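Here is the structure we will look at.
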Amino acid sequence: MIGPMRDRREFLKSGLMFCGCALASGVRAQTSRRALTIGGKKALTVDLHGHCFVGDDWPLIQDRPQAKELERIVSAPYFTALSGVEERIAEMDRQGIDVQAVSLYVGHYHYWAEPELAEKLVRIQNQKLAELCATHPGRLVGLGAVSLHLPELAARQMTEALREHKFPGFMITGSVEGEEISAPRFDPFWRKAEELGVVIFIHPRGFGDGDRRFEGGGWLTNTVGNPLETTLALSHMIFDGFLDRFPRLKIVAAHGGGYLPSYVGRSDNCHAVDPRCRQMKKKPSQYLRELYFDTLVYSSEGLRHLIDVVGADRIVMGTDYPFPVASREPLDDVLSVPGLTDAEKEAILGATAARLLKL
Ligand SMILES: [Zn+2]
(Lines give C-alpha, C1' and ligand atoms only; values in the text may rest on other atoms or scores of the structure.)
Protein backbone atom coordinates (compact mmCIF):
# COMPACT_ATOMS: atom_id res chain seq x y z
CA MET A 1 0.00 0.00 0.00
CA ILE A 2 1.11 3.51 -0.69
CA GLY A 3 0.01 5.82 2.04
CA PRO A 4 2.63 7.12 4.44
CA MET A 5 5.26 9.30 2.83
CA ARG A 6 8.05 6.86 3.58
CA ASP A 7 6.30 4.21 1.53
CA ARG A 8 5.80 6.67 -1.30
CA ARG A 9 9.53 7.34 -1.42
CA GLU A 10 10.14 3.61 -1.55
CA PHE A 11 7.67 3.49 -4.42
CA LEU A 12 9.67 6.08 -6.30
CA LYS A 13 12.98 4.32 -5.70
CA SER A 14 11.73 0.89 -6.60
CA GLY A 15 10.19 2.12 -9.83
CA LEU A 16 7.09 0.03 -9.18
CA MET A 17 4.19 0.25 -11.55
CA PHE A 18 1.32 2.63 -11.03
CA CYS A 19 -1.20 -0.17 -10.53
CA GLY A 20 0.13 -1.07 -7.09
CA CYS A 21 -0.71 2.25 -5.56
CA ALA A 22 -4.04 2.66 -7.27
CA LEU A 23 -5.74 0.33 -4.85
CA ALA A 24 -4.33 2.11 -1.84
CA SER A 25 -6.80 4.92 -1.66
CA GLY A 26 -9.74 2.64 -1.09
CA VAL A 27 -11.45 4.27 -4.06
CA ARG A 28 -12.92 1.78 -6.49
CA ALA A 29 -14.44 2.26 -9.90
CA GLN A 30 -17.83 1.50 -8.42
CA THR A 31 -18.91 5.12 -8.33
CA SER A 32 -22.00 5.40 -10.47
CA ARG A 33 -21.08 6.66 -13.91
CA ARG A 34 -22.66 9.89 -15.01
CA ALA A 35 -24.00 9.58 -18.53
CA LEU A 36 -24.48 12.79 -20.45
CA THR A 37 -27.34 13.06 -22.88
CA ILE A 38 -27.79 15.96 -25.26
CA GLY A 39 -31.02 16.21 -27.21
CA GLY A 40 -32.06 12.81 -25.85
CA LYS A 41 -28.92 11.04 -27.13
CA LYS A 42 -25.83 9.88 -25.21
CA ALA A 43 -23.02 12.29 -25.97
CA LEU A 44 -19.36 11.21 -26.00
CA THR A 45 -17.28 13.15 -23.46
CA VAL A 46 -13.49 13.53 -23.76
CA ASP A 47 -11.05 15.16 -21.35
CA LEU A 48 -7.94 16.12 -23.32
CA HIS A 49 -6.02 17.37 -20.28
CA GLY A 50 -5.20 14.83 -17.54
CA HIS A 51 -1.80 13.93 -16.11
CA CYS A 52 -0.01 10.93 -14.68
CA PHE A 53 3.20 10.06 -12.91
CA VAL A 54 5.32 7.03 -13.83
CA GLY A 55 8.06 6.08 -11.37
CA ASP A 56 10.11 3.95 -13.67
CA ASP A 57 12.34 6.69 -15.07
CA TRP A 58 13.54 7.52 -11.55
CA PRO A 59 16.39 4.96 -11.29
CA LEU A 60 17.98 6.58 -14.36
CA ILE A 61 18.08 10.09 -12.89
CA GLN A 62 17.94 9.84 -9.10
CA ASP A 63 21.58 10.95 -8.72
CA ARG A 64 21.08 14.11 -10.83
CA PRO A 65 20.38 17.36 -8.97
CA GLN A 66 17.97 18.42 -11.72
CA ALA A 67 15.66 15.52 -10.80
CA LYS A 68 14.54 17.12 -7.51
CA GLU A 69 11.28 18.41 -9.04
CA LEU A 70 10.23 14.84 -9.71
CA GLU A 71 11.08 13.76 -6.17
CA ARG A 72 9.01 16.56 -4.61
CA ILE A 73 5.79 15.46 -6.26
CA VAL A 74 5.89 12.14 -4.40
CA SER A 75 4.94 13.83 -1.12
CA ALA A 76 2.03 15.77 -2.68
CA PRO A 77 -1.44 14.87 -1.32
CA TYR A 78 -2.68 14.06 -4.84
CA PHE A 79 0.22 11.70 -5.60
CA THR A 80 -1.91 8.56 -5.34
CA ALA A 81 -4.39 9.96 -7.85
CA LEU A 82 -1.55 11.07 -10.14
CA SER A 83 0.18 7.71 -10.16
CA GLY A 84 -2.87 5.48 -9.95
CA VAL A 85 -5.51 4.24 -12.32
CA GLU A 86 -8.61 3.06 -10.41
CA GLU A 87 -9.04 6.39 -8.62
CA ARG A 88 -8.67 8.09 -12.01
CA ILE A 89 -11.38 5.95 -13.58
CA ALA A 90 -13.66 6.42 -10.56
CA GLU A 91 -13.34 10.20 -10.85
CA MET A 92 -13.96 10.06 -14.60
CA ASP A 93 -17.12 8.04 -13.90
CA ARG A 94 -18.30 10.54 -11.29
CA GLN A 95 -17.61 13.49 -13.57
CA GLY A 96 -19.15 11.81 -16.61
CA ILE A 97 -15.99 11.61 -18.71
CA ASP A 98 -15.86 8.71 -21.16
CA VAL A 99 -12.28 9.12 -22.37
CA GLN A 100 -9.28 10.89 -20.88
CA ALA A 101 -6.17 11.76 -22.89
CA VAL A 102 -3.37 11.27 -20.37
CA SER A 103 -0.06 13.10 -20.54
CA LEU A 104 2.88 12.96 -18.16
CA TYR A 105 3.28 15.37 -15.27
CA VAL A 106 5.65 18.10 -16.60
CA GLY A 107 8.29 17.23 -13.98
CA HIS A 108 9.03 14.20 -16.18
CA TYR A 109 10.37 16.47 -18.93
CA HIS A 110 14.16 16.47 -18.52
CA TYR A 111 15.62 18.94 -21.01
CA TRP A 112 19.02 18.77 -19.30
CA ALA A 113 19.45 15.13 -20.30
CA GLU A 114 22.15 14.23 -22.81
CA PRO A 115 20.97 12.38 -25.95
CA GLU A 116 21.55 8.83 -24.77
CA LEU A 117 19.82 9.42 -21.42
CA ALA A 118 17.02 11.47 -23.02
CA GLU A 119 16.25 8.60 -25.39
CA LYS A 120 16.13 6.05 -22.56
CA LEU A 121 13.93 8.27 -20.37
CA VAL A 122 11.32 8.91 -23.03
CA ARG A 123 11.29 5.28 -24.12
CA ILE A 124 10.48 4.11 -20.58
CA GLN A 125 8.02 6.97 -19.95
CA ASN A 126 6.07 6.25 -23.12
CA GLN A 127 6.12 2.52 -22.41
CA LYS A 128 4.65 3.08 -18.92
CA LEU A 129 2.10 5.57 -20.25
CA ALA A 130 1.01 2.97 -22.80
CA GLU A 131 0.68 0.36 -20.03
CA LEU A 132 -1.46 2.73 -17.98
CA CYS A 133 -3.77 3.33 -20.94
CA ALA A 134 -3.93 -0.42 -21.69
CA THR A 135 -5.48 -1.09 -18.27
CA HIS A 136 -8.71 0.52 -19.49
CA PRO A 137 -8.88 0.35 -23.29
CA GLY A 138 -11.33 2.85 -24.69
CA ARG A 139 -11.23 4.99 -21.50
CA LEU A 140 -7.59 6.19 -21.54
CA VAL A 141 -5.42 7.29 -24.47
CA GLY A 142 -1.84 8.50 -24.25
CA LEU A 143 -0.34 11.82 -25.25
CA GLY A 144 3.30 10.76 -25.36
CA ALA A 145 6.47 12.50 -24.24
CA VAL A 146 9.34 13.70 -26.45
CA SER A 147 12.82 15.11 -25.84
CA LEU A 148 12.07 18.45 -27.48
CA HIS A 149 15.50 19.90 -26.61
CA LEU A 150 16.83 17.44 -29.21
CA PRO A 151 14.43 18.09 -32.13
CA GLU A 152 15.68 15.33 -34.46
CA LEU A 153 15.39 12.80 -31.64
CA ALA A 154 11.94 14.17 -30.72
CA ALA A 155 10.78 13.63 -34.32
CA ARG A 156 12.00 10.02 -34.18
CA GLN A 157 10.40 9.46 -30.77
CA MET A 158 7.04 10.62 -32.15
CA THR A 159 7.29 8.26 -35.11
CA GLU A 160 8.24 5.31 -32.90
CA ALA A 161 5.60 6.00 -30.23
CA LEU A 162 2.91 6.31 -32.89
CA ARG A 163 3.96 2.98 -34.36
CA GLU A 164 4.47 1.11 -31.07
CA HIS A 165 1.83 2.63 -28.79
CA LYS A 166 -0.62 4.25 -31.23
CA PHE A 167 -0.44 7.54 -29.34
CA PRO A 168 -2.66 10.04 -31.18
CA GLY A 169 -0.72 13.01 -29.82
CA PHE A 170 2.14 14.32 -27.74
CA MET A 171 2.52 16.86 -24.97
CA ILE A 172 5.28 19.44 -25.08
CA THR A 173 6.06 22.31 -22.73
CA GLY A 174 5.52 25.98 -23.59
CA SER A 175 9.25 26.68 -23.77
CA VAL A 176 12.49 24.71 -23.65
CA GLU A 177 14.92 26.07 -21.07
CA GLY A 178 13.97 29.63 -21.97
CA GLU A 179 13.92 28.99 -25.72
CA GLU A 180 10.76 29.51 -27.80
CA ILE A 181 9.26 26.27 -29.11
CA SER A 182 8.62 28.06 -32.42
CA ALA A 183 12.35 28.81 -32.91
CA PRO A 184 13.64 27.46 -36.26
CA ARG A 185 15.87 24.86 -34.60
CA PHE A 186 12.72 22.93 -33.59
CA ASP A 187 11.48 22.71 -37.21
CA PRO A 188 12.40 18.99 -37.58
CA PHE A 189 10.00 18.20 -34.74
CA TRP A 190 7.19 20.36 -36.13
CA ARG A 191 7.65 19.07 -39.70
CA LYS A 192 7.24 15.51 -38.40
CA ALA A 193 4.20 16.43 -36.27
CA GLU A 194 2.53 17.96 -39.32
CA GLU A 195 3.41 14.96 -41.49
CA LEU A 196 2.08 12.44 -38.93
CA GLY A 197 -1.10 14.43 -38.25
CA VAL A 198 -0.74 14.00 -34.48
CA VAL A 199 -2.10 16.39 -31.85
CA ILE A 200 0.48 18.57 -30.12
CA PHE A 201 -0.70 19.62 -26.67
CA ILE A 202 1.21 22.69 -25.46
CA HIS A 203 1.39 22.77 -21.67
CA PRO A 204 3.32 25.26 -19.49
CA ARG A 205 5.67 24.13 -16.76
CA GLY A 206 5.61 27.23 -14.56
CA PHE A 207 7.19 30.55 -15.31
CA GLY A 208 9.01 33.16 -13.26
CA ASP A 209 10.94 30.77 -11.04
CA GLY A 210 13.82 32.74 -9.54
CA ASP A 211 12.22 36.10 -10.39
CA ARG A 212 11.32 37.79 -7.10
CA ARG A 213 8.18 39.36 -8.56
CA PHE A 214 6.74 35.84 -8.65
CA GLU A 215 7.51 35.19 -4.98
CA GLY A 216 5.02 35.44 -2.10
CA GLY A 217 1.49 34.10 -1.76
CA GLY A 218 -0.74 33.06 -4.61
CA TRP A 219 1.56 30.41 -6.09
CA LEU A 220 2.34 32.96 -8.80
CA THR A 221 4.68 30.87 -10.97
CA ASN A 222 1.65 28.68 -11.57
CA THR A 223 -1.34 31.03 -11.17
CA VAL A 224 0.12 33.81 -13.30
CA GLY A 225 3.24 32.18 -14.75
CA ASN A 226 1.54 29.24 -16.46
CA PRO A 227 -0.96 31.26 -18.53
CA LEU A 228 1.76 33.83 -19.20
CA GLU A 229 4.07 31.19 -20.63
CA THR A 230 1.33 29.91 -22.95
CA THR A 231 0.50 33.49 -23.96
CA LEU A 232 4.14 34.11 -24.92
CA ALA A 233 4.50 30.79 -26.75
CA LEU A 234 1.37 31.40 -28.86
CA SER A 235 2.29 35.06 -29.48
CA HIS A 236 5.68 34.03 -30.92
CA MET A 237 3.98 31.41 -33.08
CA ILE A 238 1.73 34.14 -34.47
CA PHE A 239 4.09 37.12 -34.77
CA ASP A 240 7.21 35.20 -35.89
CA GLY A 241 5.50 33.57 -38.88
CA PHE A 242 5.59 30.06 -37.40
CA LEU A 243 1.91 29.37 -38.11
CA ASP A 244 2.39 30.50 -41.72
CA ARG A 245 5.20 27.97 -42.06
CA PHE A 246 3.20 25.13 -40.44
CA PRO A 247 -0.47 25.73 -41.29
CA ARG A 248 -1.58 22.10 -40.90
CA LEU A 249 -0.49 21.49 -37.31
CA LYS A 250 -3.11 20.33 -34.79
CA ILE A 251 -2.10 22.40 -31.77
CA VAL A 252 -4.10 22.37 -28.53
CA ALA A 253 -3.18 25.05 -25.97
CA ALA A 254 -3.71 24.31 -22.28
CA HIS A 255 -5.67 26.51 -19.86
CA GLY A 256 -7.70 28.18 -22.59
CA GLY A 257 -4.54 29.48 -24.27
CA GLY A 258 -3.55 31.56 -21.25
CA TYR A 259 -4.28 35.27 -21.42
CA LEU A 260 -4.02 35.64 -25.19
CA PRO A 261 -7.63 34.99 -26.28
CA SER A 262 -9.00 37.32 -23.58
CA TYR A 263 -6.91 40.26 -24.75
CA VAL A 264 -6.14 39.55 -28.41
CA GLY A 265 -7.47 42.99 -29.41
CA ARG A 266 -4.19 44.45 -28.18
CA SER A 267 -2.27 42.04 -30.43
CA ASP A 268 -4.49 42.97 -33.40
CA ASN A 269 -3.77 46.63 -32.71
CA CYS A 270 -0.02 45.97 -32.64
CA HIS A 271 -0.33 44.10 -35.93
CA ALA A 272 -1.99 47.19 -37.45
CA VAL A 273 0.65 49.67 -36.32
CA ASP A 274 3.97 47.76 -36.14
CA PRO A 275 5.68 47.82 -39.57
CA ARG A 276 7.44 44.54 -38.73
CA CYS A 277 4.04 42.77 -38.91
CA ARG A 278 3.48 43.65 -42.59
CA GLN A 279 4.63 40.21 -43.74
CA MET A 280 1.93 38.50 -41.67
CA LYS A 281 -0.88 37.00 -43.70
CA LYS A 282 -3.57 37.52 -41.08
CA LYS A 283 -4.44 39.36 -37.90
CA PRO A 284 -3.46 37.63 -34.61
CA SER A 285 -7.13 36.97 -33.76
CA GLN A 286 -7.51 35.13 -37.08
CA TYR A 287 -4.56 32.85 -36.26
CA LEU A 288 -6.27 31.93 -32.99
CA ARG A 289 -9.05 30.36 -35.01
CA GLU A 290 -6.52 27.87 -36.44
CA LEU A 291 -5.56 26.56 -32.99
CA TYR A 292 -7.46 24.56 -30.35
CA PHE A 293 -7.92 25.45 -26.68
CA ASP A 294 -9.07 23.60 -23.60
CA THR A 295 -11.93 24.75 -21.39
CA LEU A 296 -9.91 25.41 -18.23
CA VAL A 297 -10.63 29.11 -17.66
CA TYR A 298 -12.55 28.82 -14.37
CA SER A 299 -15.72 30.79 -15.15
CA SER A 300 -18.64 30.41 -17.52
CA GLU A 301 -18.23 34.08 -18.57
CA GLY A 302 -14.57 33.41 -19.40
CA LEU A 303 -15.46 30.31 -21.38
CA ARG A 304 -18.23 32.18 -23.20
CA HIS A 305 -15.68 34.82 -24.21
CA LEU A 306 -13.14 32.21 -25.33
CA ILE A 307 -15.81 30.59 -27.49
CA ASP A 308 -16.74 33.98 -28.97
CA VAL A 309 -13.09 34.71 -29.84
CA VAL A 310 -11.91 31.36 -31.24
CA GLY A 311 -15.14 29.54 -32.15
CA ALA A 312 -16.99 26.66 -30.45
CA ASP A 313 -15.40 24.28 -32.97
CA ARG A 314 -11.93 25.09 -31.55
CA ILE A 315 -12.55 24.15 -27.91
CA VAL A 316 -11.99 20.81 -26.19
CA MET A 317 -12.73 19.84 -22.61
CA GLY A 318 -9.78 19.80 -20.20
CA THR A 319 -9.69 19.05 -16.47
CA ASP A 320 -6.00 19.10 -15.39
CA TYR A 321 -6.69 15.98 -13.33
CA PRO A 322 -5.60 15.44 -10.55
CA PHE A 323 -3.95 18.70 -9.51
CA PRO A 324 -5.42 21.24 -7.06
CA VAL A 325 -6.08 23.55 -10.04
CA ALA A 326 -8.24 20.89 -11.72
CA SER A 327 -11.89 21.36 -12.58
CA ARG A 328 -14.14 19.25 -10.35
CA GLU A 329 -17.20 19.44 -12.62
CA PRO A 330 -15.89 19.85 -16.16
CA LEU A 331 -19.17 18.95 -17.87
CA ASP A 332 -21.05 21.60 -15.91
CA ASP A 333 -18.35 24.16 -16.78
CA VAL A 334 -19.51 23.78 -20.38
CA LEU A 335 -23.22 23.17 -19.82
CA SER A 336 -23.48 26.36 -17.73
CA VAL A 337 -22.27 28.59 -20.57
CA PRO A 338 -25.28 30.58 -21.76
CA GLY A 339 -26.44 30.42 -25.34
CA LEU A 340 -24.70 27.26 -26.57
CA THR A 341 -26.53 25.10 -29.10
CA ASP A 342 -26.70 21.32 -28.62
CA ALA A 343 -24.24 20.87 -31.49
CA GLU A 344 -21.79 23.27 -29.86
CA LYS A 345 -22.09 21.48 -26.50
CA GLU A 346 -21.45 18.13 -28.17
CA ALA A 347 -18.43 19.51 -30.01
CA ILE A 348 -16.81 21.01 -26.91
CA LEU A 349 -17.60 18.13 -24.57
CA GLY A 350 -16.16 15.45 -26.82
CA ALA A 351 -16.80 15.41 -30.57
CA THR A 352 -13.95 17.77 -31.53
CA ALA A 353 -11.42 16.00 -29.28
CA ALA A 354 -12.60 12.61 -30.61
CA ARG A 355 -11.92 13.80 -34.15
CA LEU A 356 -8.50 15.22 -33.27
CA LEU A 357 -7.48 12.08 -31.36
CA LYS A 358 -9.03 9.78 -34.02
CA LEU A 359 -11.06 7.95 -31.37
ZN1 LIG B 1 -1.99 20.35 -16.77
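The values are calculated or read from the model by the stated rules, or taken from the named source; none is laboratory data. Predicted model only: the values in this text are computed from it and were never measured. Heads up, the Cβs are rebuilt from the backbone with ideal geometry, glycines too, and the neighbour counts pull from every protein chain shown.
Descriptive notes on the structure:
- Segment 316-333 residues that are under 17 Å from residue 85 (Cα atoms) and touching a residue at least 12 places away in the same chain (Cβ under 8 Å), paired with ones that are among the aliphatic types (A, V, I, L, M) and near the ligand (Cβ under 10 Å from one of its atoms) (beta carbon under 6 Å, 6 or more apart): 319/326; 320/296; 320/326
- Within segment 193-221, tally of residues that are part of a helix (DSSP H, G or I) and either buried (at least 21 other Cβ atoms within 10 Å of the Cβ) or among the aromatic types (Phe, Trp, Tyr) (or both): 2
- Segment 192-219, subset touching a Leu at 6+ places or on another chain (Cβ under 7 Å) and more than 20 Å from residue 105 (Cβ to Cβ), residue modelled with the lowest pLDDT: 214
- Some residue of segment 83-104 being among the β-branched types (Val, Ile, Thr), within 16 Å of the ligand (Cβ to nearest atom) and more than 23 Å from residue 191 (Cα to Cα): yes
- For segment 26-54, the candidate set comprises residues that are free of Cβ contacts under 8 Å to residues at least 60 places away in the same chain and not in a strand (DSSP E or B); within that set, the residue that is farthest from the ligand (Cβ to nearest atom) is 40.
- Looking only at segment 160-180, residues that are out of contact with any helix residue (DSSP H, G or I) (no Cβ under 7 Å at 6 or more places or on another chain) and either of a type in the set (Val, Ile, Thr) or buried (at least 18 other Cβ atoms within 10 Å of the Cβ) (or both) come to 5 in all.
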